[in-house]
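Here's the structure we're looking at; comments come further down.
The values are calculated or read from the model by the stated rules, or taken from the named source; none is laboratory data. Since the model is a prediction, treat every value here as computed from it, not as a measurement. All Cβ positions, even for glycine, are placed from backbone atoms using ideal geometry, and neighbour counts span all protein chains on display. Heavy atoms of the whole protein, side chains included, go into the accessibility calculation; ligands, DNA and RNA do not. Shrake-Rupley method; radii C 1.70, N 1.55, O 1.52, S 1.80 Å.
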Amino acid sequence: MAETSAISKIDTVIFDIGNVLYRWDLRRLFAKLIDDPEELDWFLAHVVTPEWHFQHDAGRAFADMVAERSREFPEYRDHITAYSERFPETIPGPVEGMLDLVRALASRGVPLFAISNFGAESWAQFRPSAPIFGIFSDIVISGEEKLIKPDAAIFELALKRFDRRADQCLFIDDRRENIEAGQAVGLAGHHFKDSRQLERELKALGLL
C-alpha cells in the first residue's frame, strides 16, 4: 500500500519511466553488435555500463562521454558511438500492462506526470516513438534539468512545476532509494514490481 498518512488526499499520479512504463536493457542493443557472449558480458561490465550511462541521465552530453570512453577503449569506438546513435534500441518496449493502466487513469481524469532519470538527448531520440506521453500533463527529465533522482531537488522542482502538493501525489518508481527520497519530501510512494500489484494499489486509493 502507499506509504502515506493521508491517502484520501491522493488525486495525482507521478510515474518513473525506465522499467516502470518502458523496459530498458543495454544488452538488447549490444547483442546485435557483439556475437560472443563472454565478450558481450565483459563489454557491458567495463565499457558501456549502467553506471557510465547514468552520467548522461545526470546531464552530460553524448559527445563528451563517447569521446572520453573511446579514448579509453579505442577498439570499441564504433560500439560506443552506437550507444549514442542507437539508444532507442536499448528499450525493448512497454512494461506489460502499464500503458493500459495509464490510459485507464487518464480516462478517469487523474492528472498524470513523470519524473525520470533520462538523458536529454536519449529522451529526444525515444520520445517520438512513445505517443502515450501525450496524455501526461508534464514530464521532468533529469538530463534536461541536470538534477537526478534520488536528489531531493528534482522532486522539489517537479512539484513546483506540476503545481502540486506532495501529499496529493502518488509516486511510482522501481528503485527503493528513489521512493525513499520522494517520501522524504512528502510524496506517497509505490515501489514498483509489476502492473498487477500497482493496479491493486490504484484501486485501493480510489484512482481506478
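Structural remarks
- Residues that are surrounded by fewer than 17 Cβ atoms within 10 Å (Cβ to Cβ) and either at pLDDT below 95 or under 18 Å from the mean Cα position of the chain (by Cα) (or both) within region 104-116 are absent altogether.
- Filter result (assigned to a helix (DSSP H, G or I), at pLDDT 95 or above and open to solvent by 40 Å² or more (accessible area, probe 1.4 Å)) within region 22-50: 27, 28, 37, 38, 39, 41, 42, 45, 46
- Among all residues of region 90-102, there is at least one that is within 24 Å of residue 54 (Cα to Cα) and open to solvent by 30 Å² or more (accessible area, probe 1.4 Å).
- Elements of type strands (runs of 3 or more DSSP E) contained in region 118-208, each with 2 or more residues being aliphatic (A, V, I, L, M), open to solvent by less than 70 Å² (accessible area, probe 1.4 Å) and without any contact (Cβ under 8 Å) to a residue 60 or more places away in the chain: 138-141
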